[in-house]
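Here is the structure we will look at, set down as structure tokens.
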Amino acid sequence: MPLPVISNPDSQWLTPGSSADPRLLHCDSDDTLLVYPDDQGYRQEVALQDDLSLKIIDYTLHRDTIFQRKRDENSITLELQLTESGVESGYLKSHFGGQSLWFTPGRQRVFELEVVLKKSLVNKYARMVAERLPDRLQSVLRQLLEYSSGGGRRRGQRLTDAELFSRFLKRQTVRFDYEPALGLTPALFGGAIDLDHAIRPIVTPAIRKIAAQILSCPYCGDVRRQYLRDKALVLISEYLETVCQPAYPLEEMDRIYEAAAILRANIANPPGIEELARRIYTNRLKLYQGFHTMYGTTPVGYLRSYRISVALKQFYTSTRSVSQVAAEVGYSNRSRFASAFHQLVGMNPKTFQLQLQRQAS
């Protein structure tokens with residue numbers, strides 16, 4: 001049975017809800033509440049000011065579903081994935097119009113807290129992040145933006161780092177499943193992945209505490225809005241602190257970046273762990289520690305993720321078969337490729353390919 005495809009769910013699928021809904025953690029009549037069909041959950045938005053809002057999202061779909069959404073407004077979202085015990089992980093997402101396509105598994109709870117920045121805050125935020133990036137990633141950033149903005153010039157003037165980074169966030173250049181990244185060279189494509197990891201939120205105790213305070217807000221009316229606004233801005237500041245502080249000594253960071261580049265360059269026939277450690281003049285333990293700190297996974301996990309990112313790129317830009325793509329990214333066994341793809345993307349590669357073809361038509 002084909003998966004259902006829901007287009008523009010906020011306007012065409014969800015329906016207005018009531019502030020008296022007992023599932024809500026807290027609510028005011030000014031909040032925007034949208035309810036999923038068949039009692040599957042809700043989306044709650046609290047407008048804090050013109051360019052800042054909070055969202056609390058809690059739903060569990062009855063079945064696997066593919067969503068398509070057209071976004072008309074520029075925004076950056078700091079997204080925290082929650083469990084009953086608190087924040088589990090964090091992501092940074094940006095939107096600059098256009099269509100997006102994503103898969104949501106059924107029977108799996110989606111519980112999120114989002115801080116959404118729009119308009120003037122987007123540029124302010126971009127400047128603040130740009131100032132905190134290591135020199136190596138600043139170089140990657142400039143190359144990415146000069147690629148995506150036609151040489152990085154506007155009216156004959158070279159763009160500043162802040163302007164470039166603002167465009168980077170708006171154009172979604174870095175994430176491997178976004179179309180603007182598809183024409184990058186392999187080296188720059190890999191650098192984009194490094195940059196993506198560098199700006200991914202690290203969930204600190206302070207971030208956990210602020211998120212808990214937002215979810216348990218005891219106030220109402222204007223006092224509530226001011227309280228939530230202050231907490232949202234502090235949450236952003238805490239995230240910026242995680243970007244400002246290098247996750248690893250710079251010398252060790254360079255070694256791990258080099259190891260990742262070696263894996264990317266040998267995607268079909270990668271070196272073993274011991275050989276990889278020797279090639280960057282470190283040992284097995286430090287290699288694992290470095291990958292865990294900088295990428296949140298092992299060298300093998302990093303390679304698997306990169307292989308799937310390249311496969312996604314091939315599906316977007318070519319008409320190769322699933323078997324051909326699998327072989328190109330280092331999988332001689334199509335079923336193992338399908339399993340890895342499903343684990344990271346949420347659907348099998350053939351289904352993904354068919355959805356892209358359907359979207360294109």
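Observations
- Residue within the stretch 308-318 that is surrounded by 14 or more Cβ atoms within 10 Å (Cβ to Cβ), out of contact with any Phe, Trp or Tyr (no Cβ under 7 Å at 6 or more places or on another chain) and within 24 Å of residue 199 (Cβ to Cβ) present: yes
- Filter pass, residue 125 being of a type outside the set (A, V, I, L, M, F, W, C) and either modelled with pLDDT of 85 or more or surrounded by 19 or more Cβ atoms within 10 Å (Cβ to Cβ) (or both): yes
- Listing of strands (runs of 3 or more DSSP E) fully contained in the stretch 1-52 that carry 3 or more residues being closer than 18 Å to residue 229 by Cα and touching a helix residue (DSSP H, G or I) at 6+ places or on another chain (Cβ under 9 Å): 41-49
- Residue match in the stretch 219-233 (condition: farther than 22 Å from residue 121 by Cβ and in contact (Cβ under 8 Å) with a residue 24 or more places away in the chain): yes
- Among the residues making up the stretch 10-43, those that are under 15 Å from residue 114 (Cβ atoms), of a type outside the set (Lys, Arg) and touching a residue at least 24 places away in the same chain (Cβ under 8 Å) are 10, 25, 34, 41, 42.
- Of everything in the stretch 70-83 that is over 14 Å from the mean Cα position of the chain (by Cα) and modelled with pLDDT of 90 or more, the residue that is nearest to residue 9 (Cα to Cα) is 82.
- Count - residues of the stretch 322-361 that are of a type outside the set (Lys, Arg), assigned to a helix (DSSP H, G or I), surrounded by 12 or more Cβ atoms within 10 Å (Cβ to Cβ) and at pLDDT below 90: 10
- Residues in the stretch 233-287 that are farther than 16 Å from residue 298 by Cα, loosely packed, with under 13 Cβ neighbours inside 10 Å and of a type outside the set (A, V, I, L, M): 237, 244, 245, 249, 251, 269, 281.
The values are calculated or read from the model by the stated rules, or taken from the named source; none is laboratory data. Source: prediction; values computed, not measured. Backbone-built Cβ (ideal geometry, glycine too); neighbour counts: all protein chains shown.
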